[in-house]
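Okay, so here's the structure we're looking at.
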Ligand SMILES: Cc1cc2nc3c(=O)[nH]c(=O)nc-3n(C[C@H](O)[C@H](O)[C@H](O)COP(=O)(O)O)c2cc1C
């Protein structure tokens, strides 16, 4: 027998007579893990007239110290007064109630007590006693508290992350060109629709000397912060390089630009990103567009609103291989010809049957919407891509840069 167990009087084994049954009930009450208490509601201050051994184990108080007293002495300064008021009202109105209340053991240690109070009435319906059942729920409360704190920290971290992402997205947007830019002899239209807060696509138009314009559309592999950091770096790289050395104009060919980027943004164990790119220079006076593609989808030319041409693609994405062997393509342009650069999010947008929008459908759509202003054509076609796409919002960044000679 456990030292803490009280010696029990032997049961009479001759059958379930009344005294035996009472002893059995007594034992059952004492074995229970919960505390069980009875208070006399007719005596002043509602003293305890019964406590079981479970209550003694739970609180560390002995029956002799507790009997005859009101149970409120388990409460302390940190006990919630509203919970005590709840008990008070239940006792005064003779109703059941269950509360979770902070109590203290005999040694002062606090514990969370799940207290259920049930009235007992006499034959005339008057409440004569209340039965209290006490359970120690400290562990559950601690776990709940730890969870609440962890949730709070997570929410705070999430708030910080969202506000950082929003700030980063604002910076990224500030690097994009205006949607519509009209210069002498040429107009440009561009749209970038990132699939997350931050995108890996970057595009721009940079006026050069001699009525020439550099254009690029870049798509960094992956999405999110990492892709966006490289796309922002590339935007800065282009604006620095395209501004040319002091006093001189931009003197590099598209192939030289692609090769330089391939040297500077080589993929290695630290930098596991690469990017596709279309970079070119439009010479408005000469009516020529010289460009290089590096893993980017094919440039589409719509000629005089009567036919569309999907140009050849060549070249590895930038950073993938040491010697990419880029080649330059030169396209002759006449007034009202339109040229479209875009990222693969446009043609890889998939419908419910996982069929991609595709280059041919894009070329046809650009031709079909060719009678609209350049900006409206781009908007109409990107709307068509969105309605083709099965998912709500894009699964990849979708960007397009177009220009038209006038
Ligand atoms: C049977 C019974 C058991 C009770 N057990 C507890 C208890 O374990 N812990 C506690 O804080 N209050 C307990 N109370 C409540 C207090 O005894 C008291 O009723 C409460 O503090 C409200 O009354 P007061 O405003 O006079 O203090 C119990 C009440 C009854 C009737």
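Here, each number is a calculation from the coordinates, and none is a lab measurement. Here the structure is a predicted model, which is why all the values come from computation and not from measurement. Neighbour counts run over all protein chains shown; Cβ positions are idealised from the backbone, glycine included.
For the chain, what class follows from the C-alpha gyration tensor (a ≥ b ≥ c being the square roots of its eigenvalues): rounded when a/c is under 1.5, otherwise prolate if a/b is larger than b/c, else oblate? Working shown, then result.
Details: a/c = 4.20, a/b = 3.77, b/c = 1.11.
Prolate is the answer for the chain, as a/c is 1.5 or above and a/b outweighs b/c.
When each of 82, 260 is scored by the number of other beta-carbon atoms lying within 10 Å, the sequence from fewest to most is 82, 260.
With a 10 Å Cβ neighbour count serving as the proxy for reagent exposure, in which order, fewest first, do 277, 66, 267 appear?
Values: 277 32, 66 21, 267 17.
Fewest-to-most Cβ neighbours within 10 Å comes out as 267, 66, 277.
One way to sum up the overall shape of the stretch 32-136 is the equivalent ellipsoid from its Cα gyration tensor, whose semi-axes run 21, 16, 12 Å, largest first. Cβ crowding within 10 Å, taken as a proxy for footprinting-reagent exposure, orders 213, 291, 342, 61 from fewest neighbours to most as 61, 213, 291, 342. Sorting 144-151, 26-33 by their mean Cβ neighbour count within 10 Å, with the most densely packed peptide first, gives 26-33, 144-151. Cα gyration tensor of the stretch 175-405, axes a ≥ b ≥ c as square roots of the eigenvalues: rounded (a/c below 1.5), prolate (a/b > b/c) or oblate? The shape class here is oblate.
What is the stretch 200-314 by shape, rounded, prolate or oblate, if you read a ≥ b ≥ c off the alpha carbon gyration tensor as root eigenvalues and call it rounded for a/c under 1.5, prolate for a/b larger than b/c, and oblate otherwise? Judged from the Cα gyration tensor, the stretch 200-314 comes out oblate (a/c at least 1.5, b/c at or above a/b).
If packing is taken as the average count of other Cβ atoms within 10 Å, what order do 227-238, 363-374 fall into, highest mean first?
Numbers: 227-238: 19.7, 363-374: 16.9.
Most protected by this proxy first, the peptides run 227-238, 363-374.
Legend: calculated FRET efficiency, residue 32 to residue 146, from the Cβ-Cβ distance at R0 = 22 Å, rounded to 0.05, equals 0.15.
Calculated on the Cα set of the stretch 67-117, radius of gyration then Dmax: 11.1, 33 Å. Between 0 and 90 degrees, rounded to the nearest ten: what's the tilt of helix 254-264 against the longest Cα principal axis of the chain? With both axes taken from Cα atoms, the answer is about 40 degrees.
Mind giving me the FRET efficiency for residue 164 and residue 263? R0 is 35 Å, r the Cβ-Cβ distance, nearest 0.05 is fine.
E between residue 164 and residue 263, to the nearest 0.05, is 0.65.
Stretching residue 327 away from residue 18 to a fully extended chain increases their span by 100.7 nm, per 0.36 nm per residue minus the current alpha-carbon distance.
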